[in-house]
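Q: Please see the structure below; I have some questions.
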Amino acid sequence: MNITKLVLGLGVILSVSSCVSVKTTTVKSAAISQTPKENVMQIATDNVVAKKGKMTKEEIRKWPHMDIFTDSVPGMSVDKAYEFLKDKTPHTIIVAVIDSGIDIEHEDLKNVAWTNEDEIPNNGKDDDNNGYIDDIHGWNFLGGKPGSPAPEQLEITRIVAKLTPKYDGKTESDIADADKEEFAYYTKLKEKVVSKQKEAAGQMAFYQGILNTIKKADDAVKKALGKDTYTVDELTALNDASVNPQAKGMLLKMLASGATVEESLKGIQEGVKYFKSQAETMYNLDFKGRVTGDNPEDITDTNYGNNYTLGSKDDEIHGTHVSGIICAERNNGIGMNGVAANVKLMSVRAVPDGDEYDKDVALAIRYAVDNGAKVINMSFGKSYSPHAQWVYDAIKYAESKDVLLVHAAGNDAKDIDVEDNFPNDSKDKINEFADNVITVGAMTRHFDKNINASFSNYGVYNVDIFAPGKNIYATFPKNNYQSISGTSMASPEVAGVAALVRSYYPSLTASQVKNILMDSGIAMHQIVKMPAERGAQPEMRDFDSLSVSGRIVNAYNAVVLADQIVNGKK
């Protein structure tokens, strides 16, 4: 799903060679030096003191690249990694981003965009015979006109809509024994969809009411003061009957927070937009979003989509932000630095504003693999997957071609050892059927009990590692930059490190790179605060128990370990 579904969740405000492996946590016992030495991995953080005092705006923007041992901030030691690599020769690799669309015209991305050199632009022919006409920078499996958004239902809604003609209006006594299990499933999901749609409609109306009230109060204040901008003191002193006291209180809180009224109103409008999308699209059983003309129930029906890989610059911010984290042009004096240099960015659009189709995901993975990607970032996910096997087959295909898939763990604050989360690399949540997928949880810059992001999914069997995912500054469409949060941001941090390793050590396999990232992560043996419902006492748990490795990805350690393995020192 794309960024719209994240808004309120963000606070609107060892190489394994077998085909099947069992997930373990033995990686934690690796014997690695704990003493800072030149070109030696640093893993243990028992003696590290968390950074004290307030960080500057610039420091916060750069925190994911910081070094825990020199900056006291649990970043990925990216600059330190490049210092280690400065005398080594890199190879250019292709990184595919399967997402909502990417602004490849962005000032920090245009020079790293992948170009299919075997295709002649805009001649209406499939020059390279890969099955995709004019796929110059990638492929758009969502179809649609240039610049168009892609609203879509959630998978749970699509399942209910598909079964409605069969079961609508019937009771259990009307159902044949052979269909009773499916009918019960349909009934359960329909109740959830109807409830969620009603709830979203109520929230939309609530936020719209607040928006209208504050706009009216703001206009009244401006009129009473005779000016378009005003301070907290001026508003506090104002005593005018035309200004709603409750709305005045809201305005005071907005100004006291440091935001302008306009900025605050924009945030509230995002809330309206978020719930409107849920009520009118995602949980709407009658909504028809797909415009590609294919049959999404037929994996062999592949002649669909187009080469318009951006989508709407106004709406599809997610893929642009993810891409900047991975490979925004480094050291060009503008914007920000991506993790990986020597990368070409392939855009594969398959994630709508709603839940992605299994068919699109499976074919998107295959497209990226067949066109040379060595790392694929997948910052999306859902709780239902009616054609999961299609995606499993694509994952296995990627493994057979030595391609590493990096996947966001999800933002539901749930244990995905228990709760369903797709796509994944385990059908039973214990045994991996492939060793080329690394699933990433999100963490904050706070090296204390608050290090795990409150929204991040976790799982000692099904989340492999954690990475920076809170307040991540990166590219937005139209040459903009913003900070947002989510495991969608943590995943490309890891994809960037993986690309960095693969570009300097191309002889390493996808499986080796996955295990290098997990084995070389920073250890944190601390008790951390788990997510909790409002008003409930949060559970405290060892950070080690939140993932397979129990660690935080670290670029410096990863390249050091990769170097040792390639040069026979490990």
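The values are calculated or read from the model by the stated rules, or taken from the named source; none is laboratory data. Everything quoted here is computed from the prediction, not taken from an experiment. FYI the Cβ positions are ideal-geometry reconstructions off the backbone, even for glycines, and counts take in every protein chain you see. Remember, those area values only see protein heavy atoms, side chains included, never the ligands or the DNA or RNA. Shrake-Rupley method; radii C 1.70, N 1.55, O 1.52, S 1.80 Å.
Q: How many angstrom lie between the Cα centre of segment 312-346 and the Cα centre of segment 103-136?
A: Between the Cα centres of segment 312-346 and segment 103-136 lies a distance of 18 Å.
Q: Next question. Quick one: 3J(HN,Hα) in Hz for segment 400-409, Karplus 6.51/-1.76/1.60 with θ = phi - 60°, rounded, Gly and Pro as x.
A: 5, 9, 6, 10, 8, 9, 10, 10, 6, 6
Q: Hey, can you grab everything whose amide H is under 5 Å from the amide H of R551? Only 5+ residues off in sequence or another chain; H modelled, so Pro and N-termini drop out.
A: F466
Q: How do F476, F206 rank by accessible surface area computed with a 1.4 Å probe, from largest to smallest?
A: Of F476, F206, the descending order of accessible area is F206, F476.
Q: Net charge within 12 Å of Q526 by Cβ-Cβ distance, Lys/Arg positive one each and Asp/Glu negative one each, not counting Q526 itself?
A: With Lys, Arg at +1 and Asp, Glu at -1, the neighbours total -1.
Q: Label E181 and A205 with points 7 Å out from Cα along Cα→Cβ: what is the distance between them in nm?
A: Modelled inter-label distance: 4.1 nm.
Q: What percent of all Cα-Cα pairs in the chain falls into each 10 Å bin, going from 0 up to the bin containing the maximum distance?
A: That works out to 3, 17, 27, 26, 17, 8, 2, 0, in percent per bin.
Q: Shifting gears a bit: Which residue, chosen from V463, G143, Y167, occupies the Cα position most advanced towards the positive end of the dipole of the chain, where the dipole is computed from +1 (Lys, Arg) and -1 (Asp, Glu) charges on Cβ about the Cα centre?
A: It is V463, whose Cα lies furthest towards the positive end.
Q: At 0.36 nm per residue, and after removing the present C-alpha to C-alpha distance, how many nm does the segment from Q246 to A536 gain when stretched out fully? Mind dumping the intermediate values first?
A: On the way: separation 290, 0.36 × 290 = 104.40 nm, distance 2.84 nm.
Contour length minus Cα-Cα distance gives 101.6 nm.
Q: Something else about it: Determine the gain in length on full extension of the stretch S72-K396; use 0.36 nm per residue of separation and subtract their C-alpha separation, reporting nm with one decimal. Intermediate values should be presented prior to the final figure.
A: On the way: separation 324, 0.36 × 324 = 116.64 nm, distance 3.98 nm.
112.7 nm is the gain from fully extending S72 to K396.
Q: Run down the lysines and flag those whose C-alpha is under 16 Å from the C-alpha of K166, throwing out any fewer than 8 positions away in its chain.
A: Cross-link targets: K180, K188, K190.
Q: Quick check on segment 213-283: what are the equivalent-ellipsoid semi-axes from the Cα gyration tensor, as sqrt(5λ), descending, whole Å?
A: 28, 12, 10
Q: Please compute the length gained on full extension between D233 and N303, using 0.36 nm multiplied by the number of residues separating them and subtracting their Cα-Cα distance.
A: 18.9 nm
Q: For I102, what residues show an amide H to amide H distance below 5 Å, using hydrogens built from the backbone and excluding near sequence neighbours?
A: Residues meeting the amide H criterion: L310.
Q: Sticking with this structure for a sec: In debye to the nearest 20, how big a dipole does segment 321-430 give about its Cα centre with +1 on each Lys and Arg Cβ and -1 on each Asp and Glu Cβ?
A: 500
Q: Can you send over the carbon and sulfur percentage of the accessible area for segment 293-392, probe radius 1.4 Å, protein chains only?
A: For segment 293-392, the apolar C and S fraction of the accessible surface comes to 43 percent.
Q: Let me ask another. Which value at 222 nm does the chain reach when only helices count, each DSSP H run of 4 or more adding -39,500 (n - 2.57), with the total divided by all residues and rounded to the nearest 500 deg cm²/dmol?
A: -10500 deg cm²/dmol
Q: Just the ratio, please: alpha-carbon radius of gyration of segment 445-570 over 2.2 N^0.38 Å, N its number of residues.
A: On the way: Rg = 16.2 Å, N = 126, 2.2 N^0.38 = 13.8 Å.
Against the compact-globule rule of thumb, the ratio is 1.17.
Q: Still on this structure, please answer the following. Could you compute the net charge surrounding D294? Neighbours are other residues with a C-beta less than 10 Å from the C-beta of D294; K and R count +1, D and E count -1. Mind showing how you got there, number by number?
A: On the way: positive: R290, K359; negative: E297, D298, D301, D360.
Once all neighbours under 10 Å are counted, the net charge is -2.
Q: Suppose each label sits 7 Å from its Cα in the direction of the beta carbon; what would the S507-K215 distance come out to in nanometres?
A: In this crude label model, S507 to K215 measures out at 6.5 nm.
Q: Compute the signed sum of charges (Lys and Arg +1, Asp and Glu -1) over the other residues within less than 15 Å, Cβ to Cβ, of G147. Intermediate results must be reported in sequence, preceding the final value.
A: Values: positive: K145, K313, R349, K478; negative: D103, E105, D314, D315, E316, D353.
It works out to a net charge of -2.
Q: Suppose R0 equals 41 Å; then what is the FRET efficiency for I430 and I527 from their Cβ-Cβ distance, rounded to the nearest 0.05?
A: FRET efficiency, I430 to I527: 0.95.
Q: Another one. Which listed residue (I317, G333, M282) has the Cα farthest towards the positive end of the charge dipole for segment 264-348, taking +1 on Lys and Arg C-beta and -1 on Asp and Glu C-beta about the Cα centre?
A: Farthest towards the positive pole: G333.
Q: Sticking with this one: Cα-Cα over 18 Å: which of K216/K266; K427/K470; K382/K414?
A: K427/K470
Q: Further, regarding this structure: Magnitude of the Cβ-charge dipole of segment 254-380, K/R +1 and D/E -1, about the Cα centre, nearest 20 debye?
A: Here the size comes out at about 520 debye.
Q: If you place +1 on the Cβ of every Lys and Arg, -1 on the Cβ of every Asp and Glu, and leave all else neutral, what size is the dipole of the chain about its Cα centre, to the nearest 20 Debye?
A: Here the size comes out at about 1640 debye.
Q: Still on this structure, please answer the following. Past 31 Å, Cα to Cα, is the threshold; run K125/K374; K51/K86; K401/K429; K80/K344; K54/K110; K192/K514 against it and keep the listed order.
A: Check vs 31 Å cut-off fails for K54/K110; K192/K514.
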